[in-house]
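Report on the structure given below.
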Amino acid sequence: MKSIPVREQTKLWRLPNFGGLELMHAAYVTHTFARHTHEGFAVGVIESGALGFDYRGESLIASPGAINLANPDEAHTGHAAAESGWTYRMFYLDAALLEQAAAEIAGRPKSLPFFQSGVIHDDRLARMIHGLHAAMEGNETSRLELESRFLNMLATLILRHADAPPALCSVGREHAAVRRAKEYIEAYCSENVSLAQLANAACLSHFHFIRVFRRETGLTPHAYLNQARVRRARSLIAAGWAIAPAAYETGFVDQSHLTRQFKRILGITPGQYSNFIQDR
């Protein structure tokens, strides 16, 4: 049986709410990248095949599940290291994003992180990168979740693989700060709440807020937001609203989006809940 060759294809896009962030999902077979540099960081994960590249005096190969990385202004090449080529998901990050993330971790200004290796083997981080990139390609994930996962991904990269990573600042129990954030979420759960809005409400830095909120509540801020939206949708359905309008009213993309979150949190679908209310 004749195998079907992999087609070269490239998708490049930018997210307006993430400063200087470009994303690429691409498959290459015969293409070869000339020696070049990037103004910011290039960080990605190999989905299939293998990428070969010359970087910092070494000839490297990134296989499936490996993270490939280039520091700003570090010259490198790129070519297929397997007959089938390679497919990968890439983040192109403004250097200021990494510097800001390092400062968030330390709780004070920090210099730009530097990474020695162009290939990183870290399954946990690779899953974070791949999952976040795929979520950013879709349209169902809330802004708060994307921003939180993005900051956590950068922090994990820096803490586990940067030269001289900053010390993680300690986390206490910030009852009043978390209470203010929870009140904000409850009041504006149907809106596209941002991490900055919640951190400002809590009077904490973004990264510190995420850690404090999870320690205090046992939930990430975006998990709490989903819960608040589902509870609000349940109240509307109990009051006689149809499921689709209730979904839009509470900030979900559509009825199927609400259904998935409703079932995850409550164990039943909105339709089953509606029938239960009507049968009482």
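Computed values, structure above
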| item | result |
| --- | --- |
| Label-point gap, in nm, between Thr269 and Ser59 - each point 7 angstrom along Cα→Cβ | 5.6 nm |
| P(r) of the stretch 102-170 over all Cα-Cα pairs, binned every 5 Å from zero, in whole percent | 3, 16, 23, 21, 18, 13, 5, 0 |
| Longest to shortest principal axis, alpha-carbon extents of the chain, angstrom | 70, 57, 27 |
| Near-label residues of the stretch 100-130 by backbone N, under 15 Å of a point 7 Å along Cα→Cβ of Cys169 | 100-111 |
| For the stretch 153-210: rounded, prolate or oblate by the Cα gyration tensor [a/c cutoff 1.5] | oblate |
| Residues Val171, Val45, Val212 arranged by fewest to most Cβ contacts within 10 Å | Val171, Val212, Val45 |
| Positive-end residue, the chain charge dipole about Cα centroid, Cβ charges, pick of Pro72, Thr259, Cys169 | Thr259 |
| Cα long-axis angle, helix 123-137 against the chain (0 to 90 degrees, to the nearest 10) | 70 degrees |
| The chain, dipole about Cα centre (Lys/Arg Cβ +1, Asp/Glu Cβ -1), debye to the nearest 20 | 1080 debye |
| In the stretch 5-52, the GluC sites (Glu not before Pro) that fall in loop regions by DSSP, at most 14 other Cβ within 10 Å | Glu8, Glu39 |
| Cα-based helix-to-principal-axis angle, 270-279 vs the chain, degrees rounded to 10 | 10 degrees |
| Dimensions (Å) - the stretch 171-280, Cα atoms, principal axes, largest first | 47, 21, 20 |
| Percentage relative contact order, the chain, counting C-alpha pairs under 8 Å, at least six apart | 13 percent |
| Taking Ser111, Ser148, Ser142 and counting other C-beta atoms within 10 Å, the order from fewest to most | Ser111, Ser142, Ser148 |
| Amide H within-cut-off set for Ala66, under 5 Å, with H built and near neighbours excluded | Ile46 |
| Nearest-0.05 FRET efficiency for Glu99 and Leu12, computed from C-beta distance (R0 30 Å) | 0.80 |
| Counted charge near Ala233, where neighbours are those whose Cβ lies closer than 14 Å (Asp, Glu -1; Lys, Arg +1) | +4 |
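The numbers here are math on the coordinates, done by the rules we state, and not lab data. Just so we're clear, the structure is a prediction, and the values are computed from it rather than from any experiment. When we count neighbours, we look across all protein chains shown, and the Cβ atoms used for this are built from the backbone with ideal geometry, even at glycine.
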